[in-house]
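**Q** Sharing a structure below in structure tokens format, with a few things to ask.
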Amino acid sequence: MLLGEQTGTAGHFSTISSSFSALVAHWRSYRHIHRIALVIFVLLTIFVLERYRSALASTFQTSTDPIAVPGGNSAAQDNNHYEPYPEANQGGGGKHGSEESKSKYQQMTPEQLLELSQKNAGNSTLGFHAIKYINMKARYDREDAMALQAYMSGLDIEDAPAVEADMIDPVGMPPTHRPGRLRVGEKGCWRAHANIWSQMTRHRLPPILILESDAAWDLNIRSIMSNLNTHFIDFLNQINSTAVHDPSYQSPNNHLHHPNPTSYSDNGPIKPNPDDPWLSEHWDLFSIGQCFEYSQDREIKLVYDDESVPAGKEYWGKKMGKERVIRKSGGITCTTAYAISHTGAAKLLLRGAMDLDNPVDLLIRRMVMSRDLVAYSLFPPVMAQWEYIGGIGMAERGAQSDINGGKHRDTPEDADMPGWKDVQEKAAIWQTKGHHHDVAFEKMALKEAWTEIMGEGPEKLGESLWNPETGD
């Protein structure tokens, strides 16, 4: 009995021992599986973080821009980088450079920087963030003329809708101390430009080249602007230019906080900046297509050789060769083609918002003459307005200008149209406007359109337009 009891007890302990061994084995197995699961979880977490790192960074990123402290240039002292166009870079436009490109530029010689700046100044947007042309919705003819010019000269242009007469309501117009001064068409013209200024100001965009829809240019505009770029940088150095007042958030060029303005790029001589070939921190407005320029500041200039300019133009009484002049603007008339920086856009937007007392070009002129705008221009201008040649029925339609508004009528059947003879001989229906006396195109793109696109001379136009048997 005792022996049996001992045997039973031993069996009981054996069972417990076996159970305990099994439990330990299970635990070790579970711990092993747990370790594997943990490793898998960590690897998945790393993968997800890497996969969405850029998105998470943009969501939780803290600004590293220097804080503008009154009385000192913290950006210059701390060698921090001030990014003038953050929204443009984050938008992926790629026109104002990444950190990689900036690092690459630091390793370049001045000659290499200049070469790249020239190249970018002659790109499809002529070195600007964008080229925008303002066009009324009914002017399909101007839209087509723009398309043809851009196609032949290699420009990338964007349309900016005009503000039509039916969109103008007095309640939405700024105050004016001269009621009745502006016609509805002039108010719409101002607002179309102001819409672009507003967009630039909201997003602090890089400089934009704004064109009227009847702008014309030389077939070789890209090489002309590339050549201009070198001399424009020389001009800014010649006049000891400094950065203009920039009141945008955290700007080191805020003159109220930093009385001694410097360029955020470098002290000393102004260096080329391939990401901003026209060095837009040095100006508010750069006109390349005015129809008239006033004499103020005409001696602040640089004259340079330009083979695309026909000889014989006169700059304030002095006859010129194949040359062009970069000058400090004395006040322009016409907004055919002008570049605007975000500082200039903010100034013009503020001026118009406080007192809309003049058409847009005269508003600009007054601000230039009062030196509220830092502005430069070219003589002869690189762009000009086109119009239809006379005697082909377009003047009867009111097609030569949009500013007067009103209803238009078609060309009368009995209209006198002797101009079609010139069309047949020259293969062109466009010419520069008569009041653009200073224009000097070597090859006006629109005049060259038939030859360039068709690949044949003007004499072949007659066969395309007229029935040789009937003359119709």
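The values are calculated or read from the model by the stated rules, or taken from the named source; none is laboratory data. Keep in mind that what you see is a predicted model, and the values were worked out from it rather than measured. As a convention, Cβ positions derive from the backbone with ideal geometry for all residues, glycine included, and neighbour counts pool all protein chains shown. These area figures cover heavy atoms from the full protein model, side chains too; ligands, DNA and RNA do not enter into them. Shrake-Rupley method; radii C 1.70, N 1.55, O 1.52, S 1.80 Å.
**Q** Find how much the distance from Asp159 to Ile36 grows on full extension, using 0.36 nm per residue of separation minus their present alpha carbon separation; answer in nm with one decimal.
**A** So the extension gain works out to 38.3 nm.
**Q** Using amide H atoms built in the peptide plane, which far-off residues or other-chain residues are under 5 Å from Leu211 H to H?
**A** HN-HN under 5 Å from Leu211: Lys132, Tyr133, Ile134.
**Q** Something else: Extending each Cα 7 Å along its Cβ direction at Asp166 and Met354, get the distance between those two points in nm, one decimal.
**A** Between Asp166 and Met354, the label points sit 3.6 nm apart.
**Q** Please compute the per residue accessible area over region 333-397 with all protein chains in place, 1.4 Å probe, rounded to a whole number of Å².
**A** The answer is 28 Å² per residue.
**Q** Another question, if that's okay. Take each of the peptides 110-116, 435-441, average the number of other beta-carbon atoms within 10 Å over its residues, and list them starting from the highest.
**A** Top of the packing list down: 435-441, 110-116.
**Q** Which of the pairs Lys319/Lys433; Lys313/Lys447; Lys426/Lys447 have their Cα atoms more than 18 Å apart in this structure?
**A** Lys319/Lys433; Lys313/Lys447
**Q** Highest mean first, what order results for 236-244, 167-175 on Cβ atoms within 10 Å?
**A** Top to bottom by mean Cβ count within 10 Å: 236-244, 167-175.
**Q** Same structure again: Probe radius 1.4 Å, ligands and nucleic acids ignored: give me the carbon and sulfur share of the accessible area of region 102-223 as a rounded percent.
**A** Here carbon and sulfur together make up 51 percent of the probe-accessible area.
**Q** Could you work out how much longer the chain between Trp420 and Arg371 gets when fully extended? Use 0.36 nm per residue separation minus the Cα distance between them, nm to one decimal.
**A** 12.9 nm
**Q** Could you work out what % of the accessible surface of region 318-447 is carbon and sulfur, using a 1.4 angstrom probe and leaving DNA, RNA and ligands out of the count?
**A** Carbon with sulfur: 50 percent of the solvent-accessible area.
**Q** Still on this structure, I have one more. Cβ under 14 Å from Leu349's Cβ, Leu349 left aside: what net charge do those residues give with Lys, Arg +1 and Asp, Glu -1?
**A** +2
**Q** Enumerate by residue number the trypsin sites (Lys or Arg not before Pro) in region 267-348 meeting two conditions: DSSP loop (anything except H, G, I, E, B), and at most 15 other Cβ atoms within 10 Å of the site's Cβ.
**A** Counting only loop positions with at most 15 other Cβ atoms within 10 Å, the trypsin sites (Lys or Arg not before Pro) in region 267-348 are Lys322.
**Q** Can you give me the relative contact order of region 118-253 as a percent, contacts being Cα pairs under 8 Å and 6 or more apart?
**A** Relative contact order comes out at 38 percent.
**Q** Taking the Cα atoms of region 212-252, report the difference between the largest and smallest coordinate on each principal axis, in whole Å and largest first.
**A** Cα extents, longest axis first: 41, 29, 14 Å.
**Q** From the C-alpha gyration tensor of region 310-365, pull out the three semi-axes of the equivalent ellipsoid (sqrt of 5λ each), sorted largest to smallest, in whole Å.
**A** 31, 12, 9
**Q** Taking the mean number of other Cβ atoms within 10 Å as a proxy for protection, how do you rank 381-387, 356-362 from highest to lowest?
**A** Order by mean packing, descending: 381-387, 356-362.
**Q** Can I ask one more? Taking 0.36 nm per intervening residue step and subtracting the Cα-Cα distance, what contour gain separates Gln238 from Thr45 on full extension?
**A** Here the answer is 63.7 nm.
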